[in-house]
Amino acid sequence: MKISRIDHLGIGVESIDAVLPYFENVLGLKCYAVEEVADQKVKTAFLKVGEVKIELLEPTSPESAVAKWLEKGGKGVHHVAFAVEDGVAEALVEAEGKGVRLIDKAPRPGAEQMMIGFLHPKTTAGILTEFCEPQNK
Ligand code: CMX
C-alpha cells in the first residue's frame, strides 16, 4: 500500500457544539463543514490544520461505535485516518494478508465523499486505524 499522509484525526465528543469554541476561539481553527454520516451513525465537523484535518465525531445513535466508545470512558483521539493512494480495497487486502484484523472487509462510504475502511485496534498498536480515498478519483 502507499500511504501518502495522515488525512485526519477523528476526535470523539458528546457534543460538537460544546467543543467547537475551543477549536475555533482558542486554537483559531475554522469549522468548514458539518455532515451526518448515516452509515456510521455520527455527525461530523471538519477543521483544517495545514494538510491534516480534524474530524469531530458526535454519535447520532446509542448504537454508534463512537457512542459505545464514549460510554466506556473513551476521550480525545478516537482514530487516525491514513490516505492511501492505491485504493482502500487493496490496502485492506494487503493488511489482512499481513495478519491484521479487519473491521471492514470492503470499503464503505464516509464523510467528505470518501471511501473508508477500518482496521481493528487490537492488531494495530492500539490505534483504531482508518484507510481513506476520495470516492471519485
Ligand atoms: N481506539 C482504540 N481502541 C479501541 C477503540 C478506539 N477507538 N474502540 C474500541 N477499542 C478497543 C476497546 O478498548 C476494547 O479493548 P479491550 O478488549 O482491551 O477492552 C476493544 O477495542 C474492543 O472494543 P469493544 O468496546 O468491545 O467495542 P466493539 O468491539 O463493540 O467495537 C470497534 C470496537 C473498534 C470494532 C468499533 O468501534 C468499530 O467498528 N469501529 C469502526 C467504525 C467507527 O469507529 N466509526 C466511527 C467513525 C466513523 C467516521 O469517521 O466516519
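Each row is one residue, and each column tells you yes or no for (1) buried (at least 20 other Cβ atoms within 10 Å of the Cβ); (2) modelled with pLDDT of 95 or more; (3) more than 9 Å from the ligand (Cβ to nearest atom).
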site	(1), (2), (3)
GLU55	yes, yes, no
THR60	no, yes, yes
VAL84	yes, yes, yes
PHE118	yes, yes, no
Filter result (β-branched (Val, Ile, Thr) and either touching a residue at least 60 places away in the same chain (Cβ under 8 Å) or in contact with a Ser or Thr (Cβ under 8 Å, 6 or more places away or on another chain) (or both)) within the stretch 17-39: VAL34, VAL37
Checked against (1) farther than 17 Å from THR129 by Cα; (2) within 8 Å of the ligand (Cβ to nearest atom); (3) in contact with a strand residue (DSSP E or B) (Cβ under 9 Å, 6 or more places away or on another chain), LYS48 satisfies every condition except (2)
Can you name every residue in the stretch 20-39 that is in contact with a Leu (Cβ under 8 Å, 6 or more places away or on another chain) and among the polar types (S, T, N, Q)? none
Assess whether VAL77 counts as being more than 17 Å from PRO109 (Cβ to Cβ) and within 10 Å of the ligand (Cβ to nearest atom). yes
Those residues of the stretch 86-113 which are in contact with a Cys (Cβ under 7 Å, 6 or more places away or on another chain) and at pLDDT below 95 amount to GLY110
Checking ALA18 against (1) surrounded by fewer than 19 Cβ atoms within 10 Å (Cβ to Cβ); (2) in contact with a helix residue (DSSP H, G or I) (Cβ under 7 Å, 6 or more places away or on another chain), which test does it fail? (2)
The conditions are (1) at pLDDT below 95; (2) more than 9 Å from the ligand (Cβ to nearest atom), and GLN40 fails exactly one of them. Which is it? (2)
In the stretch 94-110, the residues that are without any contact (Cβ under 8 Å) to a residue 40 or more places away in the chain and touching a Gly at 6+ places or on another chain (Cβ under 9 Å): LEU102, ILE103, ASP104, LYS105, ALA106, PRO107
What about GLY10, is it touching a strand residue (DSSP E or B) at 6+ places or on another chain (Cβ under 7 Å), within 11 Å of the ligand (Cβ to nearest atom) and in a loop (DSSP other than H, G, I, E, B)? no
Quickly run through the stretch 94-117 and pick out the residues that are in a helix (DSSP H, G or I) and either of a type outside the set (S, T, N, Q) or more than 14 Å from LYS137 (Cβ to Cβ) (or both). GLU94, ALA95, GLU96, GLY97, ALA111, GLU112
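The values are calculated or read from the model by the stated rules, or taken from the named source; none is laboratory data. In this text, all values refer to a predicted model and were calculated from it rather than measured experimentally. Neighbour counts run over all protein chains shown; Cβ positions are idealised from the backbone, glycine included.
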